[in-house]
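Structure first, commentary second.
The values are calculated or read from the model by the stated rules, or taken from the named source; none is laboratory data. Please read all numbers here as calculations on a predicted model, not as lab measurements. No Cβ is skipped: glycine too gets one built from the backbone with ideal geometry, and neighbour counts run over all protein chains shown. Ligands, DNA and RNA are excluded from the accessible area calculation, which covers all protein heavy atoms including side chains. Shrake-Rupley method; radii C 1.70, N 1.55, O 1.52, S 1.80 Å.
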Amino acid sequence: MASKFAATLRHRDMRYVLGAYVIDDTASWGYTVVLAAYAYGRTGSTGWIALIACTRWIVGLLVSGYAGVLADRYDRARLIAASGVLCGIAMVGLTIVVGADGPLWLLPALSALDTALSSPVRPATGALVPDIVAEADLIAANGLFAILENVVIVLGPGIGGLLLLAGTPATAMGINAASYLVSAALYLQVRTRSRGDAATTGETRIAQWTAGIRALGRTSATRLLTVFLGIAAAVYGASIVVYAPLSISFGTGAKGYSYLLAASALGSVLAAVLAERLSARTRLAPLLVGAIVVEAVPFWLSHYVHHAWLGAGLQVVSGGGLVVLDVLAITALQRDLPRAVLGRALAATGAVALAATVVSNLAASAVISSGGLTWALALIGIGFPLIGLACLPVLITNDRATAEHTRSLQPTVDLLERLDLFDGASHRVLEQLATGAVARTAQPGEVLINQGDDADALWLLESGRVGAVAGGVPLPDVLAPGYVGELGLIHNAPRSATVTVLEPSELIRIEASDFQDAVGATATSASLIRLSGERLARTNRRDPAPPGADTRPRPGPGRPH
């Protein structure tokens, strides 16, 4: 796994993204602590702290849909940089209010504005990463984010406390404003151009927003991944409430809250290293349900523990379950969902997770007030695993259907790999092409392509032979395995020749839109460029190759033809 992390960090743009993330998130955690301490110091009431937190949660939920639209409308790195600049300006305003002891209502107002302005960052980052790293490195990339996020959870509040000791709250706010600008400057160094299709579909804003929800609801796999991300977030939301009374039960007092939080973060860091091995398994059902059980059950067991070190150990386990589910589910969504709507889909999953966090947070507080800590621990440690287990039959059915679907696609995927159409195309991209492909048998004399028609598909030749004629001049026959129809798709031009079946042939038709999506996700291979160039030259010259010339695409390095 260390080699995977190293491979991910070799990507120049990934280093900039991770660096910006650490700077921004660390300062934001520190600012949260400082703002809470300042509000309590001025008012002597926790009500203002709750108001600030609730305002941010509500605003985050309200703007999440449009944040996803923005993440799919503009260049994602530039969008994040612009968000950083605007957040920096808002934080300067908050710095002035704190420094001048301005009106208290401006604290939740400016904090909410900061939340709204930063809302596109997570969906845009989640959609940007798959365009920076190869699919094989996605698990490692998301694992690095999980590691850094949990390190920041531990260090950020501590840095906020040090800032309060070393200076004034206004100084801490000013440092956070500067961190936004530094983060924005780093994102401006990212060279990868990544954007969705929200600006090109011609849909209404509502339709653009719901496109992400529709993408999540299109398959049972994406629906279940969203549900389990929500369950994991609900466990986390409840843990925020139970940590303080749980720490008291361990004999460490309310200050032990930070030890339990640090233990959970440690477990997340350790589990991120194991996520790569788990991702090699093709069955999601045991992984998702197992991760929920590992995350939630330690809370129930904590009721029977009376030593702080054992309680911390259980939270190490719980944190591991949380990050395994998070990394595997997000990576699966990044692989399965179309890049054009990925920002909106990730924004929708983020909204589900945030809503689950808020609801479970409030519910856990109500249960503790009415029934005590024991009931809260039991509901977390038993209730959530039971929900996960209730989903198990559907998960198993989905796993079986996915495995069967994958097996049915394999012959077409094998043919695509042999033909070497795309440069570095991942197995997932080839599977997506194969999913939309239509196989058929053609008899001699059947016309596949008419010269002058619009280019609407690529034809793969599994067996048999086809002939081509351009302007009345015969061109070289194409033998299986081979392909025809690529010229019009690559150059966005009408068909340059008429293609007719010469002997019984097995063919596979790939729609133009699916071909273009694959080109957008990877790139055309040197083999495809070379062969299409040769064919284009022949159709322009009307100069056929010598009789019997082999016009089949040459295999790439290490690929048998």
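Surface analysis of the range 1-146 yields an accessible area of 38 Å² per residue, using protein heavy atoms and a 1.4 Å probe. Taking the empirical scaling 2.2 N^0.38 Å for compact globular proteins as reference, the range 347-428 has a Cα radius of gyration ratio of 1.87. The accessible surface of the chain, taken with every protein chain in place and a 1.4 Å probe, is 65 percent carbon and sulfur. In the chain, helical runs assigned H by DSSP with n ≥ 4 each contribute -39500 (n - 2.57); averaged across all residues and rounded to the nearest 500, the mean residue ellipticity at 222 nm is -23500 deg cm²/dmol.
Sorted largest first, the spans of the alpha carbon positions of the range 34-139 along the three principal axes are 52, 23, 23 Å.
Send over the semi-axes of the chain's equivalent ellipsoid, whole angstrom and largest first, taken as the square roots of 5 times the C-alpha gyration tensor eigenvalues.
Computed over the chain, the values are 53, 27, 19 Å.
Packing here is the average count of other Cβ atoms within 10 Å per residue, and on that basis the peptides 24-34, 228-238, 368-378, 477-487, highest first, run 228-238, 24-34, 477-487, 368-378. Straightening the chain between R283 and V394 buys 38.7 nm, computed as 0.36 nm per residue apart minus the Cα-Cα spacing.
Taking N as the number of residues in the range 393-462, what is its Cα Rg relative to 2.2 N^0.38 Å?
The reported ratio for this selection is 1.42.
Stretching Q443 away from L386 to a fully extended chain increases their span by 14.8 nm, per 0.36 nm per residue minus the current alpha-carbon distance.
Normalised per residue, the accessible area of the range 227-369 is 38 Å², obtained with a 1.4 Å probe and no contribution from ligands, DNA or RNA. Given Cα pairs under 8 Å that are at least 6 residues apart, what percent is the relative contact order of the chain? It comes to 16 percent, rounded to a whole number. Distance between the modelled labels on S513 and H303, one decimal in nanometres: 5.3 nm (7 Å Cα→Cβ projection).
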